[in-house]
1. Would you say residue 71 is farther than 20 Å from residue 34 by Cβ and either modelled with pLDDT of 95 or more or surrounded by 11 or more Cβ atoms within 10 Å (Cβ to Cβ) (or both)?
2. Could you check the stretch 11-37 and list, in sequence order, the residues that are modelled with pLDDT of 50 or more and part of a helix (DSSP H, G or I)?
3. Quick check on the stretch 115-151: of everything there that is at pLDDT 85 or above and of a type in the set (Gly, Ala, Ser), which residue is most open to solvent (accessible area, probe 1.4 Å)?
4. Scan the stretch 56-111 for residues that are of a type outside the set (A, V, I, L, M, F, W, C), in a strand (DSSP E or B) and either within 18 Å of residue 24 (Cβ to Cβ) or touching a residue at least 60 places away in the same chain (Cβ under 8 Å) (or both) and jot them down.
Amino acid sequence: MRLALSASLLLAGLTAAAADTAKDPSGTWLTGDGRAKIRIDRCGPGQKLVCGKVVWLKTPTFDNGAPRTDLKNPDPKKRARPVIGLQLIEGLKPDDEKYTGELYNIEEGKIYTVSLERESEAELNVSGCMLKILCGSQTWTRVPDVNQQAANKN
């Protein structure tokens, strides 16, 4: 009896872990327009939240060769921040099969309420709204981690 109970608890734990992994958006994702790669990782207390930052840009510099910066940020003090390395997603919370919270859009300097939901191992659905009326979505595609690409070149 004790062995059967232990086995069922172990299986229940594995099933919960598998379900958690199924919705986990961790990884590196190419945005729908192909202009950026965003690395999403677990963060926060107990690694229950997700955060994401820019790790690659199709056009990483301005025409003058200077690194792209957060020019459209409403806070003038933040406009000189480099885009590569910039945290766009901070502390999204699990909500059923998705994560919800806010995402900073560098192109507009605006914050959107978003949800991230894994459609498959290779696709992440990103849906968002600003002011609950301007809504849209796009699919991001999983790509190899940028650091792995650099390591594979050697």
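1. Yes, satisfied.
2. Within the stretch 11-37, 23 is the sole residue that qualifies.
3. 137
4. 90, 91, 93, 94, 95, 98, 99, 100, 101
The values are calculated or read from the model by the stated rules, or taken from the named source; none is laboratory data. If you're wondering where the values come from, they're calculated on a predicted model, not measured in any experiment. Heads up, the Cβs are rebuilt from the backbone with ideal geometry, glycines too, and the neighbour counts pull from every protein chain shown. Heads up: the accessible areas ignore ligands, DNA and RNA and are worked out on the full protein's heavy atoms, side chains in. Shrake-Rupley method; radii C 1.70, N 1.55, O 1.52, S 1.80 Å.
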